[in-house]
1. Select from segment 171-194 the residues that are touching a Phe, Trp or Tyr at 6+ places or on another chain (Cβ under 7 Å) and part of a helix (DSSP H, G or I) and write down the one among them that is nearest to Ala7 (Cα to Cα).
2. Scan segment 259-285 for residues that are touching a Phe, Trp or Tyr at 6+ places or on another chain (Cβ under 6 Å) and under 18 Å from Arg332 (Cβ atoms) and jot them down.
3. For segment 195-215, give me each residue that is at pLDDT 95 or above and either in a loop (DSSP other than H, G, I, E, B) or in contact with a helix residue (DSSP H, G or I) (Cβ under 7 Å, 6 or more places away or on another chain) (or both).
4. Starting from segment 166-186, take each residue that is within 11 Å of Leu117 (Cα to Cα) and list its partners that are among the charged types (D, E, K, R), counting only C-beta distances under 8 angstrom and pairs at least six apart or across chains.
5. Do you know which residues across segment 256-284 are free of Cβ contacts under 8 Å to residues at least 60 places away in the same chain and crowded, with 16+ Cβ neighbours inside 10 Å?
6. Quickly run through segment 233-251 and pick out the residues that are on the phi > 0 side of the Ramachandran plot and either crowded, with 20+ Cβ neighbours inside 10 Å or of a type in the set (Val, Ile, Thr) (or both).
Amino acid sequence: MIFVNGAPFDTDTSSSKENGTLLALMNHPTLVSATKSFKAIPERKFKIPEESGPERSEKCKWVYLFQREYATADPALVDFIGTDEATTCVSFTIRNRKSGITSVAHMDSPNIVDNGLNQMLSSFIDHCSDDNLDVHMVGSFEDVSPDHGSDSSGSESDGNLDGYSFSLCSKIIEILIMREEKFHFQTLCVLAHNTRRDSEGNACPIFNGLAVEMSTGSVIPASFDTTSRCPDEIVRRIRVTASYEDHQWDGKLLETYNTRTDRFEIAPCRWTWRQERIARRLRDLSDSEVLHICSTSPSAEAPDFVTNERRKWEYLIQHPDWKETFPMEQPRVFERTADGDWKMC
């Protein structure tokens, strides 16, 4: 069930089921006002200090998520949880009002929304004690007009997703309507609300990420640099692509983090020798070719998109056998050090 201002949202006023509900929600005065307030918040840039000393030892603790990952964090252990690099993806947040437990997912495909929401809710600690849940959606943009939204169920990596943003947002709303939990919408900065034009007139997202301040539940625009997208950055990036050929992850979000222990437990994912051969072919492409082949929004990607793609391919070429990365098919486990870095167990 969807709530706005503490009251059930009247879906009967919608023009066409979940699509109409999404548009009606985006036009709701309370959510329009919330979007304006969200846009007025300065973007926080997360970066790990290079120097030693008090600044480094006292830096805040955060949990970072890549595409198709989710994690649930406890305010007693973590200061922030967040994600970025979203173009046609959606940063989706659920917070339990009573406990402060917060789950964030970087959703990239309509076909992972149903199971993904189950994963997020089942990871809450005693979440059933309070079914009043605050919801925030940030990301996606008007890659095409909503009137031309595609019904594709592929991923952001599939390469043929005209109107993908609208399809993904619509699917999320559809699933929230059908569930029994009370989802109280607080932020809905998606599609038209999250679209700007660059100097060449191309549509781009205003915000590519968010962070949740665990102590207050406040959601802010956020970006993360390479130092703060940790631990195990390259392996986790590769899992995103590899998961589409690894059927154990069909319709699921990727598991990353243990809420109770504040450790990353990166579940294994299989990749094939075929991906190593593809990596060898792709690394010879020009930067512009990489953008148009590997992204559904080539004009909206961050400056480091191509570099990150090339780093993935080099890893696959050097480690074509996934069992080298996940020996005995066990998770890769990382724990925080005293100064806030991560070390592999």
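The values are calculated or read from the model by the stated rules, or taken from the named source; none is laboratory data. These numbers were taken from a predicted model, which means no experiment stands behind them. Neighbour counts are summed over all protein chains in view; Cβ atoms, including those assigned to glycine, are modelled from backbone coordinates with ideal geometry.
1. Leu176
2. If the condition is that a residue be touching a Phe, Trp or Tyr at 6+ places or on another chain (Cβ under 6 Å) and under 18 Å from Arg332 (Cβ atoms), then Phe264, Pro268, Arg270, Trp271 are the ones that fit.
3. Pro205, Ile206, Phe207, Asn208, Gly209, Met214, Ser215
4. From segment 166-186, the pairs are Ile175/Asp114.
5. Result: Asn258, Cys269, Arg270, Trp271, Gln275, Glu276, Ala279, Leu282.
6. None - no residue of segment 233-251 is on the phi > 0 side of the Ramachandran plot and either crowded, with 20+ Cβ neighbours inside 10 Å or of a type in the set (Val, Ile, Thr) (or both), so the list stays empty.
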